[in-house]
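Note sheet for the following structure.
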Amino acid sequence: MSEAVADLLLAVDGVTVDYSGFKALDGFSLTLNRGDRRVVIGPNGAGKSTLCDTIIGRVRPSEGRVIFRGEEIQALPEQAIVARGICRKFQAPGVLPTLSVRDNLALAARRDRRWWKALGTGIPPAERAAVDEALETVGLTARADVPAGTLAHGEKQWLEIAMVLATRAELILLDEPTAGMGPAETSRTADLIHSLGPHRTVLVIDHDMSFVEQLGAPVTVMHQGRFLKQGSIAEVRADAQVAAVYLGHAA
Amino acid sequence: MIRNKLLLLATSVAAAALSACSGEGGGGAAGSGDTVAVGVLQSLTGTMAISEITVKNAEMLAIEEINAAGGVLGKKLNAVVEDGASDPSTFAQKASKLIESDKVATVFGGWTSASRKAMLPVFERTKNLLWYPVQFEGNECSPNIMYSGAQPNQQALPALEWAAAQGYKTYFLIGSDYVYPRTANLILKKHIEKGGMQVLGESYVPLGGTDFSGVIAKLRQAKPAIVINTLNGDSNVAFFKQLAAAGLGPKVLPVMSFSIGEQEAQAMGAQLVEGSYAAWNYFQSLPGDANAKFIAAYRKKFGADAAITDPMVHGYLDVYAWKAAVEKAKSFEPDAVRKAAASLGGFPTPMGTVSFAANQSLVQKAYIGRLKADGQFEIVSDSGADIPPQPYDALAFPGKTCTL
Amino acid sequence: MPEVPAILRRGLPWLLLALAAAAPAALSGYDLNLLARFMAMAILALGLVLVWGHGGILSLGQGVFFGLGGYAIAMHMKLADLPAGEMPDFMVWSGREALPLWWAPFGSATFAIAAAILVPTLVAALFAWAVFHRRVGGTYFALITQALALAFATLIISQQDATGGFNGLTDFYSILGFGLASPRTGVGLYWLTLAILCAAFVGLRWLTASRFGMLLRAARDGENRVRFLGYSPVPFKVVAFAIGALLAGIAGALFTLHAGVVSPALIGVVPSIEMVIWVAVGGRYSLAGAIVGALAVNLARDAVSSAFPELWLYCMGALFILVVTLMPNGLAGLLKGRAA
Amino acid sequence: MDLFLNQLFNGVSLASLYLLASLGLALSFGLMRVINMAHGEMLMLGGYLAWATLLVVPGAAGILIAMPVAFVGAAAMGGVIQTVLIRRLSARPLDTLLATWGVSLVLQQAARDLFGAVGVEVRAPAWLEGSVELAGVVIPTARLFIIGVAVAVLGGLALILLKTRIGLLVRAVNQDRMMASATGIAVGRVDLAVFCLGSGVAGLAGVMLALLGPVTPSVGQAYIIPAFLVVVMGGLGSITGTTAAAVILGVFAALAQLFVDVSVSQMLLLVFVVLFIQFRPQGVVAVRTRQLDA
């Protein structure tokens, strides 16, 4: 197998998602290699979130395939996809409000998720390290035993990012991770993503241009569910078509 | 602070409730002081309430009349009324409460076969005596139950003999899906085949069922001479309405019912069932002043237009039979009363003179009535002589006898 | 809201145990039997705390599993007193020639007890898997369980010659050689019921505190969130529902031993939904609360329906309306003073 | 052969009864994701109101007057239940099931105390008696009348939903409550209107049922479980889904009676619904919504 194909992690191939007439994704394709950082931008309703939904299996595409490490996963149930090493952070924080911060992380960090393995109490030593490490990276160690529901909005976003990290997933999908965050926290999030290292692949969905710049990753622009342009942040910014789409003229 | 008091109250209520139930029984013991406790156990709530409340009323009427006339062996009757709630396990539980806690001398009650079967082990364990007022499927022979309701050979078979005499050769059996219809139909099928006649179909509908479209379609195809109907309660209303809608009213297709009395006819609207037949051991329209006196007394107490049915009269005469047996045995002890009742001979009742046979079932006449527009039954034939009760049908269950 | 004295909150289970232990000495035969029946029902209520409180699954069909347990034991007791090969009485007068094949194994006590435990559990697991794995839940599930209760009761009534139909099964004399009529057996059965109730209480307290309980509650609060952590909520909900059915089956078997009768009137739509109100009154998240709820409602039913029968339906109706709207956490909620 | 045809017609007649009984439920379920367990008692109320009307106006026209009376009476009762109880529990659908079951118990016992446990007599008027013979199939006029009323109610509802302003509001709230209230629709009032409409239809159904069945305190219980199954199968409150489900279940129940006892056919009905949701868990007509946790 040639070197290029070997490190192809994810391929979204001609995917269409049809919400009874409205095509959120229309024959959209995208590829990600291992260790890549990619940002997907586009006006509201361009299909960014639906792309995440399709990859994670929350939405079934009517056409096209999603291939992860050479395996078609678009038909698998969500938990099977997550178990294969893809994890996603939602726009609205998906933390479990009644459980403590540490328990949220413990559940994310578990390796063996079958139900009879869940009969023990407390956190097994193997996962305790991953939990502490995740707490450390997002700086929530002090708030570890507080019910997640009582965290401030920004802290919830951090907890969710920590949970995504704790799953040690290979492909991380971040859907507007900095929504509702102040500038300081936004830049801390950018640093965090940089610090993830080469063995993690990150796909970020956002339209906060300052955050996209801090990431400095290649950008894919989506419009009405279709691929529009791809390149560095500078090239995309200069492109007339992208500007037209953003300013509302017909493409 | 109030909340603390509230929660202390909550836990103590639970604790008190637990210990309270021990002190709750305590009724007058049989024979002690100048009263004797007797139990009245019918369903006052649930699906059977409509039929059983009036039987309880008749039983209470008899108890009041007896108390007014000086009680039994100089003791006033203290009636302890309990609700069986149309549920067999509640009947069993309340029966043991009446006997073990309230120490009653005897119990009047029960309606469905299910309630009687559930109470049977309780009465046999405690050696008490139950007076059962309703027609039933037979096949039971317990020393602790006085069966005043009709055995199959005192209701179903006389009705069949009358139908055969009228020249009906083909039958269709429709019933509610519970024990009495299924067993009665089993006996009827044997007798119909023995009489050289034919059963064209047999259908059951769940208790309380209201959809008869399938049954009527089968009925229309089979074209029987007469339908034998053992439906119960609400189902009768739905059955006759849908029959009328399909143009098969009682005038077109004769129907012989075993569970439609004056009360049910009144509720359904007599015109709907006008012309259909019923077989009972008592009709409100029976002549005789004992019947007239009973109807007047009941109506004075429970409403001028109250309808009087067969089970109500049996409930009423059970209390008097118990009184006569106690006075004959000169003791409230159930076993002595049982033997005295079986050898009591004829005693006067609104149904005329009846008596208990050795197998503790009532020897009684059977009547066939045709429903008139005013909700009363016109008696079209009667069995002539009294019919001795046969708990086990000779054809369906050969070789079984009931000797007590 | 002033914090509830901790000793009282933790004390409730011990208070109940002390009272229950004193009962055989304090109560007469009839009252002890009555209490034993309500304790059997309390076992079922504990199952509902796991299924409904922690699992968020409203089951309106627990009567089905209660019935399966009860009928399994009753079938054994009907055969136990008969010489081999002979049929119970109701089969004779229902016009049956031979004992149905599936009745034969119930001759042995071990088979019957195993069936009373396993059959409800397996039926529940299969039914729950069939519905949950297609992601049907919430209101739909509640309505389907109610339809299941109706269909099961109707089926039992219609197969009268094999199940005793509307009369159910009654007239038992002995279990494992112990005569049901003797008071000693009554007290023995009471202790057995109390032991099983305590075992269920301890077992469920551990299970709900474990990660299994954590994930069950997480699935209750948001199924999709749990999915995106890589867990399928289906096995957790199926196992919880199956444990609820297991406890209901055992409760059914014990109730039948105490009541001496099992009939379709115990497993239909109305009794199944009333089982839920015991837990609602006691407190759907609290194990001790559910026990108190089951005992309190059943004792109230027995007391009120004796005194003024027609009022009982109003009381039951009011219980449903008031408890569910004003006291979502039931009596235990008053005690704990906060939503679980 | 004509037994099969007869039974097919009976299936359609049963479907019309199921539809009338479940339409109100589907409407309020679609809108508020909540099931009113006292819906059966709305049917009962319709029956008693028909009885009361026939006392005042006996004779042929009685039944026609009874229909609007039952509609308004049941709608009013539905309105009371919605404002007093269901509105408070909107966030807790499962608890609403239990609370409205309490209402159902109270209404049944009240009917028992007011009108007597034995039930009252409602006679179909003369022009509904008898039946028409068509190609071997005997069609009772009463059942034909009920099918006609069911179709009319269906048409009326479709008209209201599609053509009127209130219909527009209902569809908006049905698709996305949050968005609807964000655009200024008084969602509470729409809920009340739909609930009254649903209960009214149930009252009307009560009059129809009184033509073919008893009017007793517990008549609601006989029709409520099939109505639930229709709503479960019909999918998230869509009128077309509910209609399709009512026809499927009605014909299935009727034809099953040809081969097995009525009791067993009820068991088969349940097994059919459980199997059906294996293939279409979202019901007959799927409505795709984008919410994270419906």
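For region D:203-216, state whether one or more residues are more than 25 Å from D:LEU8 (Cα to Cα), over 17 Å from the mean Cα position of the chain (by Cα) and crowded, with 20+ Cβ neighbours inside 10 Å. Yes, the conditions are met somewhere in region D:203-216.
For D:ARG112, the requirement of being at the interface with chain C (Cβ under 8 Å from one of its Cβ atoms) and over 14 Å from D:GLY40 (Cβ atoms) is met.
When you go through A:SER49, A:SER29 one by one, which is the residue that is buried (at least 17 other Cβ atoms within 10 Å of the Cβ) and either at pLDDT 85 or above or within 15 Å of the chain's Cα centre (by Cα) (or both)? After ruling out the rest, the residue left standing is A:SER49. Among the residues of region D:58-100, those that are loosely packed, with under 15 Cβ neighbours inside 10 Å and in a loop (DSSP other than H, G, I, E, B) comprise D:PRO58, D:GLY59, D:ALA60, D:ALA61, D:ALA91. Among the residues here, D:GLY30 qualifies as out of contact with any strand residue (DSSP E or B) (no Cβ under 8 Å at 6 or more places or on another chain), of a type outside the set (A, V, I, L, M), in contact (Cβ under 8 Å) with a residue 12 or more places away in the chain and part of a helix (DSSP H, G or I). The lone criterion from (1) buried (at least 24 other Cβ atoms within 10 Å of the Cβ); (2) within 8 Å of chain D (Cβ to nearest Cβ); (3) within 24 Å of D:ALA117 (Cα to Cα) left unmet by B:VAL273 is number (2).
Just name the residue that is modelled with the lowest pLDDT out of those in region B:49-106 that are of a type in the set (S, T, N, Q) and in contact with a Pro (Cβ under 9 Å, 6 or more places away or on another chain).
Out of the qualifying residues, it is B:SER51.
For region C:211-228, the candidate set comprises residues that are crowded, with 24+ Cβ neighbours inside 10 Å and more than 7 Å from every other protein chain (Cβ to nearest Cβ); within that set, the residue that is farthest from A:VAL95 (Cα to Cα) is C:LEU216. The condition of being within 14 Å of chain D (Cβ to nearest Cβ), in a helix (DSSP H, G or I) and within 18 Å of C:LEU48 (Cβ to Cβ) holds for only one of C:THR139, C:THR208, that being C:THR139.
For region C:44-57, the count of residues that are aliphatic (A, V, I, L, M), within 14 Å of chain B (Cβ to nearest Cβ), in contact with a His (Cβ under 8 Å, 6 or more places away or on another chain) and buried (at least 24 other Cβ atoms within 10 Å of the Cβ) is zero. Looking across region D:120-139 at every residue that is of a type in the set (Gly, Ala, Ser) and modelled with pLDDT under 80, the one that is surrounded by the fewest Cβ atoms within 10 Å (Cβ to Cβ) is identified as D:ALA135. Working carefully through the options A:ILE172, A:ILE193, find the one that is of a type in the set (Val, Ile, Thr) and assigned to a helix (DSSP H, G or I). Residue meeting the stated conditions: A:ILE193.
Looking at region B:347-370, can you tell me whether even one residue there is within 22 Å of B:VAL40 (Cβ to Cβ), out of contact with any strand residue (DSSP E or B) (no Cβ under 7 Å at 6 or more places or on another chain) and not hydrophobic (A, V, I, L, M, F, W, C)? Yes, because at least one residue in region B:347-370 is within 22 Å of B:VAL40 (Cβ to Cβ), out of contact with any strand residue (DSSP E or B) (no Cβ under 7 Å at 6 or more places or on another chain) and not hydrophobic (A, V, I, L, M, F, W, C).
Residue-by-condition table, conditions (1) exposed (fewer than 14 other Cβ atoms within 10 Å of the Cβ); (2) facing another protein chain (nearest Cβ under 10 Å); (3) more than 30 Å from C:ILE243 (Cβ to Cβ); (4) of a type in the set (Asp, Glu):
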position: A:LEU119; (1), (2), (3), (4): yes, yes, no, no
position: A:ARG128; (1), (2), (3), (4): no, no, no, no
position: A:VAL131; (1), (2), (3), (4): no, no, no, no
position: A:VAL138; (1), (2), (3), (4): no, no, yes, no
position: A:ARG143; (1), (2), (3), (4): no, no, yes, no
position: A:ALA148; (1), (2), (3), (4): no, no, no, no
position: A:THR167; (1), (2), (3), (4): no, yes, no, no
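Restricting attention to region B:261-280, the residues that are touching a Ser or Thr at 6+ places or on another chain (Cβ under 9 Å) and in a loop (DSSP other than H, G, I, E, B) total 2. For region B:216-260, the tally of residues that are under 27 Å from D:GLY220 (Cβ atoms), assigned to a helix (DSSP H, G or I) and either of a type in the set (A, V, I, L, M) or facing chain D (nearest Cβ under 7 Å) (or both) stands at 10. Kindly provide the set of residues from region D:246-260 that are over 21 Å from the mean Cα position of the chain (by Cα) and either aromatic (Phe, Trp, Tyr) or surrounded by 22 or more Cβ atoms within 10 Å (Cβ to Cβ) (or both), ordered by number. Hits for region D:246-260 are D:GLN257, D:PHE259. Inside region B:136-194, can you point out the residues that are under 17 Å from B:ALA279 (Cα atoms), of a type in the set (A, V, I, L, M) and in contact with a Ser or Thr (Cβ under 7 Å, 6 or more places away or on another chain)? Once the filter is applied, which keeps residues that are under 17 Å from B:ALA279 (Cα atoms), of a type in the set (A, V, I, L, M) and in contact with a Ser or Thr (Cβ under 7 Å, 6 or more places away or on another chain), region B:136-194 yields B:ILE174, B:ALA184.
Within region C:145-174, if we keep just the residues that are aliphatic (A, V, I, L, M) and surrounded by fewer than 21 Cβ atoms within 10 Å (Cβ to Cβ), the residue that is farthest from the other protein chains (Cβ to nearest Cβ) turns out to be C:ALA162.
Just one residue in the set C:MET316, C:MET275 is of a type outside the set (Phe, Trp, Tyr) and more than 7 Å from every other protein chain (Cβ to nearest Cβ); that residue is C:MET275.
Condition check ((1) more than 26 Å from C:ASP31 (Cβ to Cβ); (2) surrounded by fewer than 24 Cβ atoms within 10 Å (Cβ to Cβ)) across all residues:
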position: C:GLY260; (1), (2): no, no
position: C:PRO264; (1), (2): yes, no
position: C:ALA288; (1), (2): no, no
position: C:GLY293; (1), (2): no, no
position: C:PHE308; (1), (2): no, yes
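In region D:167-176, is there at least one residue being farther than 30 Å from B:LYS251 by Cβ, within 14 Å of another protein chain (Cβ to nearest Cβ) and surrounded by fewer than 20 Cβ atoms within 10 Å (Cβ to Cβ)? Yes, region D:167-176 has at least one match. Entry remark, region B:313-359: residues being basic (Lys, Arg), on the phi > 0 side of the Ramachandran plot and without any contact (Cβ under 8 Å) to a residue 24 or more places away in the chain number 0 in total. Hey, can you tell me all the residues within region C:289-313 that are over 21 Å from the mean Cα position of the chain (by Cα) and within 9 Å of another protein chain (Cβ to nearest Cβ)? Listed by number, the residues that qualify are C:ALA303, C:SER305, C:SER306, C:PRO309, C:GLU310, C:LEU311, C:TRP312, C:LEU313.
The single residue among C:LEU122, C:LEU79 that is within 20 Å of the chain's Cα centre (by Cα) and part of a helix (DSSP H, G or I) turns out to be C:LEU122.
Restrict the check to region A:60-82 and report whether at least one residue is among the basic types (Lys, Arg), assigned to a loop (DSSP other than H, G, I, E, B) and more than 10 Å from chain C (Cβ to nearest Cβ). Yes; the residues of region A:60-82 include at least one that is among the basic types (Lys, Arg), assigned to a loop (DSSP other than H, G, I, E, B) and more than 10 Å from chain C (Cβ to nearest Cβ).
For region B:155-187, name all the residues that are surrounded by 24 or more Cβ atoms within 10 Å (Cβ to Cβ), more than 10 Å from chain C (Cβ to nearest Cβ) and not in a helix (DSSP H, G or I). Scanning region B:155-187 gives B:TYR171, B:ILE174.
The values are calculated or read from the model by the stated rules, or taken from the named source; none is laboratory data. Only a predicted model underlies this, so the values are computations on that prediction, with no experimental measurement involved. Quick reminder, even Gly has a Cβ in these numbers, built from the backbone with ideal geometry, and neighbours come from all protein chains shown.
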